[in-house]
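S.K.: Below you'll find the structure I mean.
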Amino acid sequence: MMLSRASKYAILSTLYLAEHASENRKISVKVIAESIDVPSPFLAKLFQQLVKGKIISSTKGPNGGFYLTKKNQKKNVLDIIENIDGLNRINECFLGLSECDGTNPCPVHFIVEPFKNSILGKFRDKNIMEFSQEIVSKGRKLTIKDISTEINS
């Protein structure tokens, strides 16, 4: 089960919005892109898709930007992945074989399947706000930049 780079960025940026934005405090793509170290034009495209999919909300104008409504906050990480990649990618064979399922398994199917189901369950069970609160309470990082500097230091 692999997530595309687009899905990873979409998850990171949505969680960033959950933590930092509100209806009264909307954030621009540029600010988010710099904060999580993602190319701005790429994120702008993703955000159009996330708005269309009702995962995040936006307002145009001088006080415009992106934020999450109460309804957006109830979406889960799986909704984000489905919006960006579709669920086919998640259900792809771990080894990349075109024919792989319980009746026609690849060599690692039964090893990978329980983990995949467990991960999907966690992505489905928690809404975006619950995920965000857990990240904040445990002091985890949302930044790709921070993650790489922490590994190298």
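S.K.: Please verify whether residue 45 is within 11 Å of residue 128 (Cα to Cα) and free of Cβ contacts under 8 Å to residues at least 12 places away in the same chain, treating the condition exactly as stated.
M.R.: Taking the combined requirement at face value, the residue does not satisfy it.
S.K.: Looking only at residues in the stretch 73-107 that are in a helix (DSSP H, G or I) and of a type in the set (Val, Ile, Thr), which one is surrounded by the most Cβ atoms within 10 Å (Cβ to Cβ)?
M.R.: 80
S.K.: Is one or more of the residues making up the stretch 50-68 exposed (fewer than 13 other Cβ atoms within 10 Å of the Cβ) and closer than 27 Å to residue 125 by Cα?
M.R.: yes
S.K.: To continue, here is another question. Can you tell me which of (1) part of a helix (DSSP H, G or I); (2) more than 16 Å from residue 68 (Cα to Cα); (3) not polar (S, T, N, Q) is the one residue 51 doesn't meet?
M.R.: Answer for residue 51: the failing condition is (2).
S.K.: Which residue is surrounded by the most Cβ atoms within 10 Å (Cβ to Cβ), if the candidates are limited to the stretch 1-42 and must be of a type in the set (Val, Ile, Thr), touching a residue at least 60 places away in the same chain (Cβ under 8 Å) and assigned to a helix (DSSP H, G or I)? Don't jump to the end; show me each part of the working.
M.R.: In the first step, residues of the stretch 1-42 are kept if they are of a type in the set (Val, Ile, Thr); the result is 11, 14, 27, 29, 31-32, 36, 38.
Those left that are additionally touching a residue at least 60 places away in the same chain (Cβ under 8 Å): 11, 14, 36, 38.
Filter again for assigned to a helix (DSSP H, G or I), leaving 11, 14, 36.
On the way: 11: 19, 14: 28, 36: 20.
By that ranking, first place goes to 14.
S.K.: May I ask you to list pairs of residues, at least six apart or on different chains, whose Cβ atoms are under 7 Å apart, with the first in the stretch 104-120 being at pLDDT below 90 and the second being surrounded by 11 or more Cβ atoms within 10 Å (Cβ to Cβ)?
M.R.: 116/1; 119/1; 120/78; 120/90
The values are calculated or read from the model by the stated rules, or taken from the named source; none is laboratory data. Nothing here was measured: the structure is a model prediction, and the numbers come from that model. With ideal geometry, Cβ positions are generated from the backbone for all residues, glycine too; neighbour counts draw on all protein chains shown.
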